[in-house]
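The values are calculated or read from the model by the stated rules, or taken from the named source; none is laboratory data. Values in this document were obtained by computation on a predicted structure and should not be read as measured data. Quick reminder, even Gly has a Cβ in these numbers, built from the backbone with ideal geometry, and neighbours come from all protein chains shown.
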Amino acid sequence: MSVEGLFQKLFRILEGDENYYVSGSLSFLPLVGNYREPGYDLDVLIWENTYKKKIDKINAEGTGIPLRLSEVAVANTSKMPKLFDPVTGFIHLENEEGLLDISLYKAHKKSISMNLGFGFKMHIHKDVLNKSRVLKWKGYKYKAAPMELMFLTKSVEFLRCLKNNDDGYRNTKHYEDIKRMAEIIDWNSLDGIVKDVEIKWLALPSAINNLVNPIQKIALSIDLNLLREKLGQDISGGL
């Protein structure tokens, strides 16, 4: 098992197609000094059309297992999966090298979206991808998604722990990750991303969606001021 092997599989699948972004830990580890090794998984955003076009090559590289809503991080704090648990556009490609963790995205005029099932879609403003960059890890060059996206994903769980007075999160590698990212991310840019993230349900207008959509309420609860305060307390010199 190796991340190097997973990169080889990814590049064999893509065959030079540029409609992908490596996310997860490898979207930020080279930027914070490689202070830890990634696990035996490689997270990647792939354009849905590219995925469909490459499906035969994908199937040749492993066994694809679509995830259900309860298995997706953004749904962990929602009661929705207890009521119904639809299949999403997130896929685990299990193989002998580890795991290619694939998130499919659609491109729209002003946003990209990811399917959460049952009419739920997470939308992010298209401009966020302009902050992507080419990174290098152990000789592999790749397009990396903005680390701010990973910071927000990990911060949702940290904020939940703060709300529940649970200090256990501070002893995890995820907390170490967001502490290190917090010192180098662009907080002004992050504020713009938070304001643009929306989890839409069907075609409901935003005002109604924000009231009745239980998953969107998670996005609305991201408090950057609280994050900055709490992280700053644990970082020498503050933020």
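Of note:
- When residues of segment 189-228 are limited to those that are over 23 Å from the mean Cα position of the chain (by Cα) and assigned to a helix (DSSP H, G or I), the one modelled with the lowest pLDDT: Val212
- Search result, residues across segment 167-209 that are surrounded by 15 or more Cβ atoms within 10 Å (Cβ to Cβ), aliphatic (A, V, I, L, M), over 29 Å from Glu37 (Cα atoms) and touching a residue at least 12 places away in the same chain (Cβ under 8 Å): Val197, Ile199
- When Ala73 is tested against (1) at pLDDT 85 or above; (2) over 17 Å from Trp201 (Cα atoms), exactly one condition is not met: (1).
- Only residues that are crowded, with 17+ Cβ neighbours inside 10 Å, out of contact with any Phe, Trp or Tyr (no Cβ under 6 Å at 6 or more places or on another chain) and basic (Lys, Arg) were counted in segment 110-166, giving 2.
- Filtered by the rule that a residue be at pLDDT 85 or above and in a helix (DSSP H, G or I), segment 163-179 gives Lys173, His174, Tyr175, Glu176, Asp177, Ile178, Lys179.
- Of all residues in segment 16-48, none satisfies the criterion of being modelled with pLDDT of 95 or more and on the phi > 0 side of the Ramachandran plot.
- Among residues of segment 43-71, those that are of a type in the set (A, V, I, L, M) and touching a Ser or Thr at 6+ places or on another chain (Cβ under 9 Å), counted: 5
- Selection status of Pro38, under 29 Å from Asp186 (Cα atoms) and surrounded by fewer than 20 Cβ atoms within 10 Å (Cβ to Cβ): yes
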